[in-house]
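The values are calculated or read from the model by the stated rules, or taken from the named source; none is laboratory data. It should be emphasised that the depicted structure is a prediction, and the values quoted were computed from it without experimental measurement. Please note: Cβ atoms are built from the backbone with ideal geometry, for glycine as well, and neighbour counts cover all protein chains shown. Surface areas here come from the heavy atoms of the whole protein model, side chains and all, with no ligands, DNA or RNA. Shrake-Rupley method; radii C 1.70, N 1.55, O 1.52, S 1.80 Å.
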Amino acid sequence: MKKGFLALCIASLAAFTVACGADVNEGGSTSTDEDDKVIVMGTSADYFPYEFVDTANGDEIVGFDIDIAKQVAENMGYELKIEDMDFGSLLGALNAGRVDFVMAGMTPTEERKENADFSDIYFTAKNLILSKGDAIQSLEDLDGKQVGVQLGSIQEGIAKEQIPGAEIVALNKIPEIIQEIKTGRIDAMVIEDTVAKKYLDQDSELTTFEIVDEEEAGSAAAFRKDDELRDQFNEELNKMIDSGEIEKLAQKWFEQEAAPAE
């Protein structure tokens with residue numbers, strides 16, 4: 001009877017030890033249970049069609065980046081969890097371990113590469129000047145004007161570099177900047193063409209012209225420095241690129257209409 005009791009105690013202790021040994025990764029997300037692994041993605045869900053809140057069907061975050069991330073995560077054996085935050089907070093959250101990776105239509109600039117490792121580019125786009133009416137036709141027309149950008153975005157850097165005579169107004173959300181233009185509180189903004197399409201379709205008073213830039217503005221996923229997860233993610237991402245899945249998702253998201261901006 002004592003031996004039976006002792007065996008029960010040992011078995012209980014072993015089970016407790018195993019349970020305590022199932023730790024999380026630096027992002028606080030990934031279980032050691034192969035059937036219950038979770039990977040946390042940081043994003044800024046105000047960037048249609050890359051990532052946005054589907055208000056027509058609830059509060060789910062959907063979009064081009066989301067579909068890619070879900071498929072890659074599934075292929076890697078993970079369940080995807082999404083954390084929404086301001087764009088300018090994403091790399092800080094990554095390096096603080098609050099998320100495992102970032103996808104937010106983010107371009108891997110040299111400055112960002114100092115703080116993160118990036119996947120291969122999975123989509124390229126152009127940058128535009130968007131304004132109301134036809135008074136602004138060139139970058140020179142923006143001298144002395146107020147130009148909106150999303151805080152922490154590549155468009156902020158482009159504006160500072162290519163429109164030195166303008167006053168740069170950095171805000172957290174794209175819809176905020178659009179609203180500032182519509183009400184006349186700022187004169188124009190720098191925006192990616194695929195994102196601008198939504199607003200141009202909704203308001204005939206908005207006009208654009210392209211900013212000519214020698215550097216390719218492409219999107220990539222960001223990871224902590226020297227994180228092996230980047231290489232695993234990159235392998236699956238490139239399979240999607242090579243198979244044409246990324247192109248199909250681009251056609252799905254960049255050709256659909258969005259709900260009117262608030």
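Before moving on, here are some points about what is shown:
- With every protein chain in place, the stretch 142-262: carbon and sulfur % of accessible area (1.4 Å): 42 percent
- The 3J(HN,Hα) values that the Karplus relation (6.51, -1.76, 1.60; θ = phi - 60°) gives for the stretch 133-142 are, in residue order, x, 10, 6, 9, 10, 8, 4, 5, 5, 8 Hz. Gly and Pro appear as x.
- Shape category assigned to the stretch 54-188 from the gyration tensor of Cα positions, a/c cut at 1.5: prolate
- Segment residue 56-residue 76, extension gain: residue separation times 0.36 nm, minus the distance between their alpha carbons: 4.1 nm
- In order along the stretch 175-192, phi translates into HN-Hα couplings of x, 4, 5, 4, 5, 4, 5, 4, 8, x, 7, 10, 8, 6, 8, 9, 8, 6 Hz, rounded to whole numbers, per the Karplus curve 6.51 cos²θ - 1.76 cosθ + 1.60 with θ = phi - 60° and x for Gly and Pro.
- Measuring between alpha carbons in the structure, the pairs from 37/252; 126/173; 37/81; 132/198; 81/197; 70/239 lying more than 21 angstrom apart are 37/252; 81/197.
- For the stretch 136-216, GluC sites (Glu not before Pro) are listed when DSSP marks them as loop and at most 16 other Cβ atoms sit within 10 Å of their Cβ; the list is 205, 214, 215, 216.
- When peptides 234-244, 144-154 are sorted by average Cβ neighbour count within 10 Å, with the highest value leading, the order is 144-154, 234-244.
- All other residues whose Cβ lies under 12 angstrom from that of residue 141 are scored, Lys and Arg at +1 and Asp and Glu at -1, for a net of -3.
- Summed over the residues of the stretch 136-176 and divided among them, the accessible surface reaches 47 Å² per residue at a probe radius of 1.4 Å.
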